[in-house]
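Below is one structure, written out as structure tokens; comments come after it.
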Amino acid sequence: MGDNRLVRGIGVSPGVAFGPALVVRFDVPDVPNRAVPVEEVEHEVARLREAVNAVVAALEDLRDRVRVRAGAEESRIFDAQIMMAQDAVLLAEIERLIRDNHLSAETAYEFKSLEIRNLWGSSGNAILRDRLADLSAIQTRMLHHLLGKEEEDLWSSIGEPVIVVAHELSPGLTVQLDREHVAGLVSEEGTKTSHAAILAHSLGIPAVMGATGALKRINPGALVMIDGQSGTVLVDPTMAEQERIRAQISRRQRLEFELEAAIEQPGITPDGRSIMLMGNVDLPEEIESAARHRAQGVGLLRTEFLLVGRAVLPTEQEQTDYFLRVASAFPGQPIIIRSFDLGGDKFPAAFRAPPEANPFLGWRSIRVCLDQPEMFRVQLRAVLRAAADRPIQLMLPLVTRIDEVTATREILAEEAEALTKAGVRVARELPIGVMIETPAAVLVADHLAQVSSFFSIGSNDLVQYTLAVDRGNARLAHRFTPHHPAILRQLTTVLAAGNRAEIPVSVCGEMASDPLSCVLLIGMGYTRLSVAPPALALVKWIVRAVPYQVARQAAQTAMNMTSAEEVTACLHEAVRDHIDLRLLDGVAAKGSSD
Ligand code: PEP
Ligand code: MG
């Protein structure tokens, strides 16, 4: 199928779909450059303020509708937009533009939006780029209002289920879609973390984003097939391809049905081995999803979102509140908070990080925290406070040296003492674990076990550092193989070190979410996995289908293989009698990072 009917993007909401394309252009309206006589300047300022009020009211209305349709977490997306629309600094600057340059309200608004767009768009920061969709949504609404244009109600005119194709999808538009009218979504902009992607996922609409060139290649009304897992879009499918996708859709529906049924079941293999399945939570939006999918706690609470894309560092109270909010969603279950894993492109604006030639070998993760005690101590205090009455634990990323753990312990002890002296209740004992993400950590796992309460394997980084394959490089994706014998050997070493020291060992990298890899891990003896919320049901379904003895045998055979491909083939062979592999067609993640 090596033809230009294929457009590749990022699968952001799983599922396959096909239908005629509804090409929509929610372009920001053209704004004529208009100056006004000086005596009308204050009138323009008043028009701007009136437009803000109207847009905020419309967004509040949308938020309430979203709460009903998609849930409370999703509705918070609009709180972010409302805040952005009301941003006092931004509005003051637009008013200044109007007054200083005698501009119309819409011209000034357009100028300012363009400036922010250029600033954010050129930033390497993924979160800022994602927030551009929010900015576009507000800009479009404001300009429509100021220019007196009605916004189109596209969705009421839709008949048969369509594939909506757009340059960029705002969450406001996405939430107005429903599965009855919209079979799938394609947009040229957007990533997995875009709000529109999160919403599409919650609404169960298959979606592909980042599909560069989609608008050029897809004519209105053309038949389009999309796969929201692999991120592929196929235009004008042949009859045979249509047949294939119909069969795939019906298999997908069967799988969805089986997964739904697995959610409420215990994670026990057919021969009685219990596997603890926890959730990875990156953003507040995912708390609800992890709880709904019955995660047994949070095995990896990423905290970077508290920093990235913000001008000021989060306060101790803000962090404490967030940790307590997560803990209250999983009463009595463990919450493993990972300290800030900054580095690479993940640096907050409040932070002046020097440019580096090799950011992934540079000032990252625990190294940054230990070098920036004023930031680290605030986070540690928040963890200590939140852990006073909750089974909260702390996890350190990218540890390569024992002293990184012991230094953290010392700081923690100091902070615990200071808080206690100040009359603040803190955790009496806070388990501190380390992420095993580098070959160095694997090789000294026995030493690390002496100073750690638990291990958690970050397979995304472990694969990257072991195989010298950049986890984000699409060109090397085929080389990013968690089934490489070098990884299998390390997985065995770490588990053995953990077992000898009698500390729990879990896997929280993407590998744990992959259907075949999770069988391998269970067969090796792992009994704790932490996976992204959407993968919880799938992993549970596999656990319940493949007997531990089968997994064990497969893992033993795999250990003698000399290539990742052989390992994968061996796992395939082992599970085929227990699960209908055709159901997983297109579902299997590669165990990669993103
Ligand atoms: C990992 O490296 O596997 C991991 C879980 O951490 P992150 O993906 O956040 O680097
Ligand atoms: Mg990592």
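The values are calculated or read from the model by the stated rules, or taken from the named source; none is laboratory data. Only a predicted model underlies this, so the values are computations on that prediction, with no experimental measurement involved. FYI the Cβ positions are ideal-geometry reconstructions off the backbone, even for glycines, and counts take in every protein chain you see. In case anyone asks, the SASA skips ligands and DNA or RNA and just uses the protein heavy atoms, side chains included. Shrake-Rupley method; radii C 1.70, N 1.55, O 1.52, S 1.80 Å.
How big is the accessible area of Glu168 in square angstrom, nearest 10, if you roll a 1.4 angstrom probe over the protein chains?
Solvent-accessible area, nearest 10 Å²: 40 Å².
So what's the back-of-envelope 222 nm ellipticity for the chain, counting only DSSP H runs of four-plus at -39500 (n - 2.57) apiece and dividing by all residues, rounded to 500?
Computed mean residue ellipticity for the chain: -15000 deg cm²/dmol.
Give me the angle, in degrees from 0 to 90, between the Cα long axis of helix 373-386 and the longest principal axis of the Cα atoms of the chain, rounded to the nearest 10.
For 373-386 against the chain, the angle is about 80 degrees.
Project the alpha carbons of the range 449-594 onto their principal axes and report the range along each, largest first, in whole Å.
45, 37, 33
Give the residues of the range 395-424 whose amide nitrogen is closer than 12 Å to a point set 7 Å from the Cα of Ala440 in the direction of its Cβ.
Under cut-off, by backbone N: 398-405.
Counting only other residues whose beta carbon sits under 14 Å from that of Ala261, what net charge do I get with K and R as +1, D and E as -1?
Combined, the nearby Lys, Arg, Asp and Glu give 0.
Subtracting the Cα-Cα distance from 0.36 nm times the residue separation, let me have the gained length for Glu180 to Ser563 in nm, one decimal.
Residue separation times 0.36 nm, minus the Cα-Cα distance, leaves 133.3 nm.
With r as the distance between the Cβ atoms of Glu410 and His572 and R0 = 60 Å, compute the FRET efficiency 1/(1 + (r/R0)^6) and round to 0.05.
With a Förster radius of 60 Å, E is 0.80.
Give me the accessible area of Lys192, 1.4 Å probe, in Å² rounded to the nearest 10.
Accessible surface of Lys192 is approximately 100 Å².
Express the relative contact order of the chain as a whole percentage, based on alpha carbon pairs under 8 Å and six or more residues apart in sequence.
14 percent
Over the chain, consider all pairs of different Cα atoms and compute the Kirkwood hydrodynamic radius from their mean reciprocal separation; express it in Å, one decimal.
So the Kirkwood estimate lands at 25.7 Å.
If you line up the long axis of helix 72-86 against the longest principal axis of the chain, both from Cα atoms, how many degrees apart are they, to the nearest 10?
It works out to around 40 degrees.
First check a/c for the range 208-356, with a ≥ b ≥ c the square roots of the eigenvalues of its C-alpha gyration tensor; if it is under 1.5, answer rounded, and if not, answer prolate when a/b is larger than b/c or oblate otherwise.
oblate
For the range 352-435, what is the largest minus smallest coordinate of the Cα atoms on each principal axis, given in angstrom and ordered from greatest to least?
46, 24, 19
Classify the range 170-246 as rounded, prolate or oblate, taking a ≥ b ≥ c as the square roots of the eigenvalues of its Cα gyration tensor: rounded when a/c is under 1.5, otherwise prolate if a/b is larger than b/c and oblate if not.
Since a/c reaches 1.5 and a/b is larger than b/c, the shape of the range 170-246 is classed as prolate.
Per 0.36 nm of contour for each residue apart, how much would the distance between Ile268 and Gln450 grow if the chain were fully extended, relative to their Cα-Cα spacing?
Length difference between fully extended and current span is 62.5 nm.
Rounded to whole Å, give me the distance from the Cα center of the range 406-462 to that of the range 283-329.
19 Å
Can you tell me which of 37-47, 136-146 comes out highest on packing, and rank the rest after it, using the mean Cβ neighbours within 10 Å?
The packing order, highest mean first, is 136-146, 37-47.
What order, most packed first, do the peptides 222-229, 264-271, 281-288, 355-362 have when packing is the mean number of other Cβ atoms within 10 Å of each residue?
Per-residue Cβ counts within 10 Å, averaged per peptide and sorted highest first, yield 222-229, 281-288, 264-271, 355-362.
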